[in-house]
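Written below as structure tokens is the structure these notes are about.
The numbers here are math on the coordinates, done by the rules we state, and not lab data. Note that the structure is predicted; figures quoted are calculated from it, not measured. In this analysis, Cβ positions are derived from the backbone assuming ideal geometry, glycine residues included, and neighbour counts consider all displayed protein chains.
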């Protein structure tokens, strides 16, 4: 079969429908919305890949997944082999397949979306993310993920601050090289944003737990309820005998509106709203273990994926009227179109071109409403997006029994006290060598959102993998240690 004929054959295959729970059912449970493919459907979807020699999808992937190579195996039924291709370059393919904004990365570069078929019809890109999740899920469920052979221990130990995506990648890569890794995190359990941020309806926590079991097999240790900068410093960790430190604390501090009434009861930062709504009390710090009673009217302020997580959580908690307040139009929203589509299906009301002015409360100090003002778009601001301009005399009130503020995240300023000698910028982001993750202090490395600002799981993962290689090379320059028996 000629090359052109083969391409046309693949282009003639229509995109396989993606099964998911219908809105009326899924709003009553916390299960994942997407139901996934069966094997035959996954093979058919994989056959849509044109096997481009230049692989623009792979170039667009922050960890460089060999997507065509994986799909070539999948289309002939070698699911195990396809999964292993993804695992060669990614520590968390099941999670990235669910959480990455593929439309901006691999799928955004998929040639299929730009090709014209003989019938002049254009098809969407190959469903790369959901196929990545399918093959790795299928492998875990039918074969189990092959556990690595635990190597002989080198005697060196690494402290990993932050048990999120970047830290998990560092722990795995260094654990496979025989180094002892201990993860420290402010939350009671490991996982970072994967546990304390991503709702269950987007990511089944069983997927994360399987990964943590894998790390436990490698001997990775975890110390929870430890806030580096308050409970321990990097100096303390070196004094305790660690040979290198990786800082992957993320960007965990939610932004504030700084408007009147923000301290009223019933107003939550997005992370607290999500964790109290999605997790069991024993997984939370003691000050967050009370039940979350959102009431009938919930207002979520913000326009990114976190705000969509909040509105959809509110629906599942029983709120009757859920509003998303955003100061620009939908065209300026930076989150995933898919998430907004799901929110609309689940009954969320969007209030665009709306600026919160103040929170209104009752005599008991409980929030009862949000006073807002309508706006229009003016000239672009420093972000390149058109800035909202208030419209005089357009104020109105949205009733609210509870409010979640989801207007972005910032790095923890405590890093300046926690890590003497580590340079940060005016946003408290750690400055590193972009090739190695090395900070301005020898032996201290960093990566993820505390370096990049609030970003993606996959970019944190890529940072962690690069830093792990650099840490391994750094340790090789240290005097040998007696290996433990």
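The fewest-to-most ranking of 179, 217, 121, 342 by surrounding Cβ atoms within 10 Å reads 121, 217, 342, 179.
Sorting the segments 138-145, 233-240, 40-47, 454-461 by their mean number of nearby beta carbons within 10 angstrom, highest to lowest, gives 454-461, 40-47, 233-240, 138-145.
Order these by the 10 Å Cβ neighbour count, fewest first: 350, 86, 34. List each step's numbers first, then the result.
Numbers: 350 17, 86 25, 34 20.
So the ranking, lowest neighbour count to highest, is 350, 34, 86.
With each label modelled as a point 7 angstrom along the Cα→C-beta vector, the residue 153-residue 78 pair spans 3.8 nm. Comparing Cα centroids, the range 124-160 and the range 275-310 end up 30 angstrom apart. The ranking of 38, 305, 185 by Cβ neighbour count inside 10 Å, starting from the fewest, reads 38, 305, 185.
Multiply the residue gap between residue 206 and residue 334 by 0.36 nm, knock off their C-alpha separation, and tell me the result in nm, one decimal place. Intermediate results must be reported in sequence, preceding the final value.
Numbers: separation 128, 0.36 × 128 = 46.08 nm, distance 2.85 nm.
Separation in residues times 0.36 nm, less the Cα-Cα distance, equals 43.2 nm.
Please give the contour-minus-distance gain from residue 296 to residue 18: 0.36 nm per residue of separation, less the Cα-Cα distance, rounded to one decimal in nm. Don't skip to the end; give the middle numbers.
Numbers: separation 278, 0.36 × 278 = 100.08 nm, distance 3.22 nm.
Roughly 96.9 nm would be gained on extension.
Residues of the range 392-425 falling in the label zone of residue 376, defined by backbone nitrogen less than 18 Å from a point 7 Å along Cα to beta-carbon, are 392-396.
Paramagnetic label reach from residue 225 (point 7 Å along Cα→Cβ; backbone nitrogen cut-off under 11 Å): within the range 283-318, residues 284-287.
Does the range 374-485 come out rounded, prolate or oblate by the C-alpha gyration tensor, with a ≥ b ≥ c the root eigenvalues, rounded set by a/c under 1.5 and, if not, prolate when a/b is larger than b/c and oblate if not? It is prolate, given that a/c is not under 1.5 and a/b is the larger ratio.
Here the contact order of the chain, divided by its residue count and restricted to Cα pairs under 8 Å and six or more residues apart, works out to 15 percent. Overall, the anisotropy analysis places the range 277-430 in the oblate class: the square-rooted eigenvalues a ≥ b ≥ c of its C-alpha gyration tensor yield a/c not less than 1.5, with a/b not exceeding b/c.
Kindly state, to the nearest 0.05, the FRET efficiency for residue 59 paired with residue 469, given R0 = 22 Å and r defined as their beta-carbon distance. Taking R0 as 22 Å, the efficiency between residue 59 and residue 469 is 0.60.
Answer rounded, prolate or oblate for the range 201-299, using the Cα gyration tensor with square roots of eigenvalues a ≥ b ≥ c: rounded when a/c is under 1.5, else prolate when a/b is larger than b/c, else oblate. Write out the running numbers ahead of the final one.
On the way: a/c = 2.66, a/b = 1.52, b/c = 1.75.
Since a/c reaches 1.5 but b/c is at least a/b, the shape of the range 201-299 is classed as oblate.
Helical content alone sets the calculated 222 nm signal of the chain at -9000 deg cm²/dmol, taking -39,500 (n - 2.57) per DSSP H segment of four or more residues and averaging over every residue. Between the entries [x] 169; [y] 187; [z] 136, the label attached to volume of the Cα convex hull per residue in Å³ calculated for this structure is [x]. The simple Förster model, with R0 at 60 Å and r as the Cβ-Cβ distance, assigns residue 233 and residue 345 a FRET efficiency of 0.80.
Where the centroid of each part is defined by its Cα atoms, how far is the range 419-466 from the range 42-60 in Å? Between the Cα centres of the range 419-466 and the range 42-60 lies a distance of 32 Å. The residue 88 and residue 280 beta-carbon pair, evaluated with R₀ = 30 Å, returns a calculated FRET efficiency of approximately 0.30.
What ranking, highest mean first, results for peptides 316-323, 189-196 when packing means the other Cβ atoms within 10 Å averaged over each residue? Show your work: numbers first, answer last.
Working: 316-323: 18.5, 189-196: 24.6.
Averaged packing, sorted descending, gives the order 189-196, 316-323.
Provide the gained length on full extension for the span residue 3 to residue 436, in nm with one decimal, where the gain is 0.36 nm per separating residue minus the Cα-Cα distance.
On the way: separation 433, 0.36 × 433 = 155.88 nm, distance 4.12 nm.
Extending this stretch completely gives an extra 151.8 nm.
For the range 254-409, the relative contact order is 32 percent, taking Cα pairs closer than 8 Å that sit 6 or more residues apart in sequence and dividing their mean separation by the residue count.
Can you tell me the order of 159-165, 241-247, 470-476 when each peptide is scored by its average per-residue count of other Cβ atoms within 10 angstrom, highest first? Write down the numbers at each step before the final one.
Values: 159-165: 30.1, 241-247: 22.9, 470-476: 18.3.
Put in order of decreasing packing, that is 159-165, 241-247, 470-476.
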